[in-house]
Amino acid sequence: MKKLLSLSMVAWAFWGVNVYAADYPNKDKPITIVVPFTAGGPTDRVARDLAEAMRKPLGANLVVENVVGAGGTIGANKTAKAAPDGYTVLLHHIGMATSPALYRKMPYDTLNDFEYLGLINEVPMTLIGRPNLPANNYKELAAWIAQNKGSVNLGNAGLGAASHLCGLLFQSAIQIDMTTVPYKGTAPAMNDLMGGQIDLLCDQTTNTSSQIEAKSVKAFAVTTLKRLSTPALKDLPTLNEAGLKGFEVSIWHGLYAPKGTPPDVLAKLSKALQAALKDPEFIKKEQGLGAVVMTDKRIEGAEHKKFVASEIAKWGPIIKEAGTYAD
Ligand code: ASP
């Protein structure tokens, strides 16, 4: 009797999930995209544009919630522990793969606590400085940093952020330690840079290209191996050509659901994501900010997960080697 009862309970639960998935999404219940950094920053920007592009193909509204702090791990953890019902997803960047090497104790397991929905885009980074910094190109900047050893400060969005990774690699490449100033996202870091409160910031072009164009900040270099074609950025040297051989950081963003989200729900979310990635409006917005929308097979969950596993393996040893420099 007991066995019969528990069997029928399992069947009921299974039936319940399926009925639920068939009804998904409920057009009156918004889907929350958790962004683990502040509003107005580059990750937030991708999420808001994506929310708009996914709305039609998914047939539901998507809203952004900024759950900030600890370099993105607080928002990621909140999503990992959220109800796996398709109404909470996470938009995060390369920090998904670098945080495990940076934190002694992680509150979630990157590969096992999420369902992978697909990658979204790749975004280069730029090394920028306060507008009154007395250097006008990378060579002058390198000399200025050397002259001011010990007093140069560098903003970032916390341990595990893309800006943190870039700053860590930069300090390691030039063998000079800087004072790092952590924020909860690079939107407030950008404000302080423009106001001259911090000296340097390395951030995604999705946050920096308009400020570079408006000359609100000084731009010194890009972090990709090739120069960029975006008009505002095309004259910037790469750090590699400026003498930091092999320097390369490119940021990717991906979409995740909590582990255990029903397969039908995941399929609907993935399909809507893939439709958004083909939306000419979305592609145009991203291109204008120097980002490249994903088109290869990593737009699918299985390949996305494989890629993140390979990034964890790639960045772990690099971070450990560079890790003697300031956070
Ligand atoms: N660009 C930030 C980072 O350094 C995050 C953000 O504010 O979007 O990771």
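None of the figures in this text is laboratory data; all of them are computed from the coordinates on show. The model shown is predicted, which means the values in this text are computed figures rather than measured ones.
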Bin width 10 Å, alpha-carbon pairs only: give the P(r) of the chain as whole percents, running from 0 to the bin holding the largest distance. 6, 27, 33, 20, 9, 4, 2, 0, 0
Given springs between every Cα pair under 10 Å in a Gaussian network model of the chain, which of G41, G95, G246 has the largest fluctuation? G246
Expected max-MSF residue from L236, L168, L159 in the GNM of the chain (alpha carbon, under 10 Å) is L236
Proximal lysines to K226, defined as alpha-carbon separation beneath 16 angstrom and excluding residues fewer than eight positions away on the same chain: K234, K245
Could you state the principal axis extents of the C-alpha atoms in segment 208-283, from the largest down, to the nearest angstrom? 49, 29, 20
Identify all aspartates and glutamates with a Cα-Cα distance to K271 below 19 Å; exclude those on the same chain that are fewer than 8 residues away in sequence. D23, D49, E52, D85, E115, D279, E281, D296, E300, E303
Helix hunt in the chain: which complete DSSP H runs extend at least 27 Å axially by C-alpha with mean Kyte-Doolittle at least 0.5? 2-23
Under 5 Å between amide hydrogens, which residues at least 5 positions from K259 or on another chain qualify, with H placed 1.01 Å from N in the peptide plane? F114, E115
Once the Cα gyration tensor of segment 159-276 is diagonalised, what are the square roots of 5 times its eigenvalues, in whole Å and ordered largest first, as equivalent ellipsoid semi-axes? 31, 18, 16
From the backbone phi of segment 197-204, what are the Karplus-calculated ³J(HN,Hα) couplings (6.51 cos²θ - 1.76 cosθ + 1.60, θ = phi - 60°) in whole Hz, Gly and Pro given as x? 6, 10, 8, 9, 7, 10, 8, 4
Karplus-derived 3J(HN,Hα) from phi for segment 231-239 (6.51 cos²θ - 1.76 cosθ + 1.60, θ = phi - 60°), whole Hz, x at Gly and Pro, runs x, 5, 10, 5, 8, 7, x, 7, 5
Using a Cα-Cα cut-off of under 19 Å, which aspartates and glutamates could be cross-linked to K184, ignoring same-chain neighbours fewer than 8 residues away? D44, E65, D192, D199, D203, D327
Under the rule of at least 5 residues apart or a separate chain, name every residue whose amide H is placed under 5 Å from the amide H of V64. I33
For segment 103-111, what does the Karplus curve 6.51 cos²θ - 1.76 cosθ + 1.60, with θ = phi - 60°, yield as ³J(HN,Hα) per residue in whole Hz, taken in order and with x for Gly and Pro? 9, 5, 10, 8, x, 8, 9, 3, 8
